[in-house]
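Trainee: Take this structure, written in structure tokens, and hold onto it; I'll ask about it next.
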Amino acid sequence: MHPTISITLFATATAAVVALGLTAAPNFNPPGRDANTMTTSESDRRISASGHDVTPLSRARVEELASKLTPEQYRITQKSGTEQAFCGTLLDNKKEGMYVCVVCGLPLFKSEHKFTSGTGWPSFFTPFDPDHVTEKADESFGMVRVEIECARCGSHLGHVFPDGPPPTGQRYCLNSEALAFVEKGEEVPLESRPMAIETGYFAGGCFWGVEYGFQQIPGVISVESGYQQGRIDNPTYKQICNGDTGHAESVKVVFDPKKVSYEKLVRFFLFLHDPTQLNRQGPDFGTQYRSGIYTVGAEQQAVASKVKAELATAARFSGRKIVTEVEPAKTFWPAEDYHQDYIMKTGRSCHVDLPAAFQAADIQPLGKTTKSK
Ligand SMILES: [Zn+2]
């Protein structure tokens, strides 16, 4: 949908803009949604640092996958069994490649982290990705040990002990039967590949409301508030809040481009805030509240510039110039925990105009509600 809709919302929205954090009720009710039609599947999705989908599988799905295992693989992964020392098929494997979960295919360990421990079980000093292996206390057999499981399917893998080599000092002790090996150069199975996800960065004034807006979009996997395009590393809110460090309050949006395009996100963003205000949004003044789209790669840069140019004549902006800066993203520094999910946690409102943004970008919001305290 093209944003030629004539909306008088700006004035009203701006009037309705409530100084940040001063009201207790959200000023947004998603159109056509109620609690019964709420979709939360996207928000429940978990993506690891290496870009793999680590959303826990349902019990039924695990059982389906486990039904294809050999009796020994089943005993070890589903019944927390242990294979006999020096018997595992992967103990002496010295090939280059990665070790994936035999049940669900999630990559768990890499050959470069394997070492000869002499214990009789394949040993590694660090996992493929810390998000892929979960640890839990195991007090069976009168011992206190730390059990390791696959983060996605919950299969038992082995244990981890604090007597490994540098640099971690950890020894991840595995059952060969819990693992499948994918040799370097072999085709990586679909279930072992990272997701094709993309990241975009948007600065539109106070990040609370901007973050909340993006959280409502189907296909958006995660949204984080932070600081960007400034001059110092690891800035704190206290340091950026006077505008001295050059940072903008921005949000990092991780999304699935198969479900929502970057172009749609840009259009949504330009209607979500007022891109014609220079170094301010609503009641907030200062360069930290400037409007910016920080791009990753030439394609995003081209898309963002195109949409910005297209909207230059949109009725909504009544001839006022869009001052949003479009430039390559510099390091994004996550904001303090208390700034994350602020609107969701507090139910407060912010300066953003959600209905206009959803309409302009033709997005049906998820309808995630805030949780009032
Ligand atoms: Zn698994």
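Trainee: Return the total of residues in region 343-373 being crowded, with 22+ Cβ neighbours inside 10 Å and not in a loop (DSSP other than H, G, I, E, B).
Mentor: Total satisfying the criteria: 5.
Trainee: What number of residues within region 150-191 are in a strand (DSSP E or B) and either hydroxyl-bearing (Ser, Thr, Tyr) or at negative phi (or both)? Outline the logic, then answer.
Mentor: Step one: list which residues in region 150-191 are in a strand (DSSP E or B), which gives 150, 156-161, 171-174, 179-183.
Still in the running and either hydroxyl-bearing (Ser, Thr, Tyr) or at negative phi (or both): 150, 156-157, 159-161, 171-174, 179-183.
Here the count works out to 15.
Per-residue answers, yes or no, for (1) outside any loop (DSSP other than H, G, I, E, B); (2) surrounded by fewer than 23 Cβ atoms within 10 Å (Cβ to Cβ); (3) not acidic (Asp, Glu):
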| position | (1), (2), (3) |
| --- | --- |
| ILE232 | no, yes, yes |
| ASP244 | no, yes, no |
| LYS258 | no, yes, yes |
| PRO275 | no, no, yes |
| GLN288 | yes, no, yes |
| GLU310 | yes, yes, no |
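Trainee: Taking the residues in region 104-121 that are touching a Ser or Thr at 6+ places or on another chain (Cβ under 6 Å) and within 16 Å of the ligand (Cβ to nearest atom) as candidates, determine which candidate is nearest to PRO194 (Cα to Cα).
Mentor: PRO107
Trainee: Can we say ARG267 is of a type in the set (Lys, Arg), buried (at least 21 other Cβ atoms within 10 Å of the Cβ) and in the same structural domain as GLY292 (by TED's automatic domain parsing)?
Mentor: Here the answer is yes, as ARG267 does meet what is asked.
Trainee: Still on this structure, I have one more. Surrounded by 15 or more Cβ atoms within 10 Å (Cβ to Cβ) and among the hydrophobic types (A, V, I, L, M, F, W, C): is that true of LEU190 in this structure?
Mentor: In short, no.
Trainee: A further question follows. Determine which single condition LEU366 fails, assuming it passes every other condition in (1) touching an Asp or Glu at 6+ places or on another chain (Cβ under 9 Å); (2) in the same structural domain as GLN216 (by TED's automatic domain parsing).
Mentor: LEU366 satisfies every listed condition except (2).
Trainee: In region 217-229, is there at least one residue being within 16 Å of the ligand (Cβ to nearest atom) and either at pLDDT 95 or above or buried (at least 17 other Cβ atoms within 10 Å of the Cβ) (or both)?
Mentor: No; the residues of region 217-229 include none that is within 16 Å of the ligand (Cβ to nearest atom) and either at pLDDT 95 or above or buried (at least 17 other Cβ atoms within 10 Å of the Cβ) (or both).
Trainee: Follow-up question, since we're still on this one. Restricting to region 260-273, count the residues that are touching a residue at least 12 places away in the same chain (Cβ under 8 Å), farther than 19 Å from SER225 by Cα and either in contact with a His (Cβ under 8 Å, 6 or more places away or on another chain) or assigned to a loop (DSSP other than H, G, I, E, B) (or both).
Mentor: 1
Trainee: Hey, another quick one. Considering only region 125-158, how many residues are more than 16 Å from the ligand (Cβ to nearest atom), among the hydrophobic types (A, V, I, L, M, F, W, C) and at pLDDT 95 or above?
Mentor: Final tally of qualifying residues: 2.
Trainee: Within region 74-102, track down each residue that is in contact with a Phe, Trp or Tyr (Cβ under 9 Å, 6 or more places away or on another chain) and not hydroxyl-bearing (Ser, Thr, Tyr).
Mentor: Scanning region 74-102 gives GLY81, GLU83, ALA85, PHE86, GLY88, LEU90, LEU91, ASN93, LYS95, GLY97, MET98, VAL100.
The values are calculated or read from the model by the stated rules, or taken from the named source; none is laboratory data. Because the structure is a prediction, the values reported are computed rather than measured. Ideal geometry is used to build each Cβ from the backbone, glycine not excepted, and the neighbour counts take in all protein chains shown.
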